[in-house]
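Novice: The structure's right below; bear with me while I get my questions together.
The values are calculated or read from the model by the stated rules, or taken from the named source; none is laboratory data. Since we're looking at a predicted model, the values are computed, not measured. A quick note on method: Cβ atoms are made from the backbone with ideal geometry, for glycine too, and the neighbour counts reach across all protein chains shown. Only protein heavy atoms, including side chains, enter the accessible area calculation; ligands, DNA and RNA are left aside. Shrake-Rupley method; radii C 1.70, N 1.55, O 1.52, S 1.80 Å.
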Amino acid sequence: MNRFNTSFRHAGDAIKANREFVLRAVKVAPMILQHVHEDLKNDREVVQAAVSRNGFAIEFADPQLQGDREIALIAVKNAGQAFVHLPEPLRDDREIVWTVVEFYPLMLHLASDRLKNDRQLVLMAVELDSNTLLNASEELRSDEEVVLKAMQFSRDGWTLAHASEALRSNPEFVSRVLQLMPSAIEFAHTTLMNNKELMLLAFNNGSEHGFNVASDDLKNDEEVALAAVKNSGISIQYLGDTLKKNKAIALAAVMQNGYALEFVDDVFKNDEEVVLAAVQQNGEALKFASVQMKVNKRIALAAVQKDGAALRHLGNWFEHDKDLALAAVRQNGYALAHVSHELQKDEQVALAAVQKNGYVLHMVKATHGSNKAIVLAAVKNCGNALQFASEDLKNDPEVVWAAIENDGNVLNSAGNQYKENKAFALKAVSNGAMAYQSLSEALQLDKEIAMAAILHQGNVLRFFNQQFKADRKFVVVAVQNDGLAVHHVASRFLDDKEIMRSAIQQFATTLFKASERLKNDRELVMIAVQSSGRELEHASDSLKHDEGIVFAAVQNDSYAMKFASDALKTNRNFVLRAAQADPKILRYVDYPMKMEILVQLQQQANE
């Protein structure tokens, strides 16, 4: 497509002015409208063909056609963001704006002031993206119902920042907001930052935010401070001066988040009770402790028992302490990286590390790669550690068996004789079907091994020879084990209902692989759309008109309505029933019916 655009850009003027050629070309590469002769940019049929393919092509149409309502509607239905290229009069067209906003709610900011004050439109928009409230009129940003609707669908409290100043400074209204979204407290008006009742309401409802914007008086209020740090320990960094030496608050903070130790008063960084509580919550908090606490073995041991990697914060003070090294690697084998070279050579330490995380054998393969006990422990934990074993141990049957018992796919790291050994091959493909690729050619042709492989992972069928791929027995087992295996079967099996049912039951998306006959099979299509409504796209035209099929699809995913037949999209009774299940389906019906159904839904809600 880009190559065609480039070629057309350098074409001669005669080609660019050839209406018949351009009309065919824009249906394939609509953005070439940018380079056609000016007369054709004002040709209704040419422009309509281009925007039908790509709505953004309207950018290059003649201004007169950019302002044509019919063409503009086609463009925004195809690409809602093409709205940016429409002239001002069309930004006041309710149908056009509604069509855009229901897919791209933040585009409301380009709508006319009149439509930014359209209550129904804005309510729809804030439900889709609460931050659209920013683009609503001042009147609607002062409307309690609109703002509460936005807060109801907000992912964070920031939405309150878009409400009017009057609402953000109204304690009764903010109280209602905090019950929906406690974190909104930090976006309330500054006049409420000294309201203890609201602050406590936010923190007691679980807000991790807000203490940073509290008034100085509240930052020095013990009750408020305790409530804040119990939700977010690091909020202690905003503590008022009079409470910085309050041990109860410091303890509460580090018990909630060990990292809060960074922000407590220095006196508590040297307090054994506080530091111990911090490292027991998060071993990494050790880095914020005083030197005196870091050399306290009780503290150090508690830290590495919580997180072995905390060993890195101990410097050289305990580099020869085997107890600490063992505690660290038993919690996290990768802590072996922070153990001294001397202790890495210690067999007990290395063994404890690989028993926790076998892959760390790579850190000590030079000293322990030929130690059978350590290598055995490593491959039992992580078969892939076999690659770090010595050549002798890669050829040791006990070690290799233990490795493929953990992960059959590591057979490729074993000695070649095991890739020709049927017993080892069977064990490997039963624990990691990709080991099939490592086998000798003779064993790859062994039906017992091939069956064992697809029993473990059906998709390994893709590596089989054509004879096995054409064997229905293998295909049935493979697809039963992994529905995605249908991507690798002979085409005749795509018309086999048993095989395709098995695939679709596991992965609805495999419906598109089915034969045309099976795409018209009501049972199979129903299985698919009940699992993934969007698969209606791949159903036959007949089933796209089947009310039962389409309703099941839209119940699963409103987007499926896009693929329903035009007859169903204009069937008022069906659309109403579908909208009652999920109003979002109205995105895919024509504007007049959409409005009619919305009114009826509102009337039903008010009854």
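Novice: Under the condition of being open to solvent by less than 40 Å² (accessible area, probe 1.4 Å) and either free of Cβ contacts under 8 Å to residues at least 12 places away in the same chain or part of a loop (DSSP other than H, G, I, E, B) (or both), which residue from the stretch 485-528 is farthest from residue 462 (Cα to Cα)?
Specialist: Applying the filter and picking the extreme gives 521.
Novice: Another question about this same structure. Going by the structure shown, is residue 352 modelled with pLDDT of 95 or more, within 34 Å of the chain's Cα centre (by Cα) and open to solvent by less than 40 Å² (accessible area, probe 1.4 Å)?
Specialist: no
Novice: I'd like the full set of residues that are in a helix (DSSP H, G or I), closer than 22 Å to residue 155 by Cα and open to solvent by 60 Å² or more (accessible area, probe 1.4 Å), limited to the stretch 96-118.
Specialist: 106, 109
Novice: Moving to a separate point now. Could you check the stretch 332-357 and list, in sequence order, the residues that are under 17 Å from residue 306 (Cβ atoms), in contact with an Asp or Glu (Cβ under 9 Å, 6 or more places away or on another chain) and either assigned to a helix (DSSP H, G or I) or among the acidic types (Asp, Glu) (or both)?
Specialist: Correct list: 335 only.
Novice: Please determine, by comparing only the residues of the stretch 331-347 that are within 33 Å of the chain's Cα centre (by Cα) and surrounded by fewer than 22 Cβ atoms within 10 Å (Cβ to Cβ), which one is nearest to residue 358 (Cα to Cα).
Specialist: Here the residue is 334.
Novice: Tell me which residues, restricted to the stretch 369-407, are of a type in the set (D, E, K, R), part of a loop (DSSP other than H, G, I, E, B) and more than 23 Å from residue 433 (Cβ to Cβ).
Specialist: If the condition is that a residue be of a type in the set (D, E, K, R), part of a loop (DSSP other than H, G, I, E, B) and more than 23 Å from residue 433 (Cβ to Cβ), then 396 is the only one that fits.
Novice: What's the total number of residues in the stretch 50-72 that are assigned to a helix (DSSP H, G or I) and open to solvent by 20 Å² or more (accessible area, probe 1.4 Å)? I'd like the intermediate steps shown before the answer.
Specialist: Start the filter on the stretch 50-72 by keeping residues that are assigned to a helix (DSSP H, G or I), which leaves 50-53, 55-60, 63-66, 69-72.
Applying the additional criterion that residues be open to solvent by 20 Å² or more (accessible area, probe 1.4 Å) yields 52-53, 56, 59-60, 63-64, 66, 69-70.
Residues flagged as assigned to a helix (DSSP H, G or I) and open to solvent by 20 Å² or more (accessible area, probe 1.4 Å) within the stretch 50-72 amount to 10.
Novice: Looking at the stretch 55-70, I want the residues that are farther than 13 Å from residue 89 by Cα and have a partner that is polar (S, T, N, Q) and at pLDDT 95 or above with Cβ atoms under 6 Å, at least 6 apart or on another chain. Which pairs are those?
Specialist: Hits for this filter: 58/66; 62/42.
Novice: Shifting gears a bit: Please go through the stretch 358-372 and pick out each residue that is β-branched (Val, Ile, Thr) and touching an Asp or Glu at 6+ places or on another chain (Cβ under 8 Å).
Specialist: Result: no residue meets the conditions.
Novice: Determine, yes or no, whether residue 10 is open to solvent by 30 Å² or more (accessible area, probe 1.4 Å) and touching a helix residue (DSSP H, G or I) at 6+ places or on another chain (Cβ under 6 Å).
Specialist: no
Novice: Among the residues of the stretch 375-423, count how many are open to solvent by less than 60 Å² (accessible area, probe 1.4 Å) and of a type in the set (Asp, Glu).
Specialist: 2
Novice: Considering 129, 156, which residue is closer than 23 Å to residue 595 by Cα, under 23 Å from the mean Cα position of the chain (by Cα) and without any contact (Cβ under 8 Å) to a residue 60 or more places away in the chain?
Specialist: 129
Novice: Among the residues of the stretch 135-159, what is the count of those that are open to solvent by 40 Å² or more (accessible area, probe 1.4 Å) and in a loop (DSSP other than H, G, I, E, B)?
Specialist: 4
Novice: Which residue pairs have Cβ atoms closer than 8 Å, lie 6 or more positions apart in sequence or on different chains, and pair a first residue in the stretch 587-601 that is touching a residue at least 40 places away in the same chain (Cβ under 8 Å) and of a type in the set (Phe, Trp, Tyr) with a second residue that is open to solvent by less than 40 Å² (accessible area, probe 1.4 Å) and assigned to a helix (DSSP H, G or I)?
Specialist: The qualifying pairs are 591/95; 591/98; 591/99.
Novice: Scan the stretch 294-320 for residues that are of a type outside the set (S, T, N, Q), farther than 23 Å from residue 255 by Cβ and surrounded by fewer than 19 Cβ atoms within 10 Å (Cβ to Cβ) and jot them down.
Specialist: 295, 312, 315, 317, 319, 320
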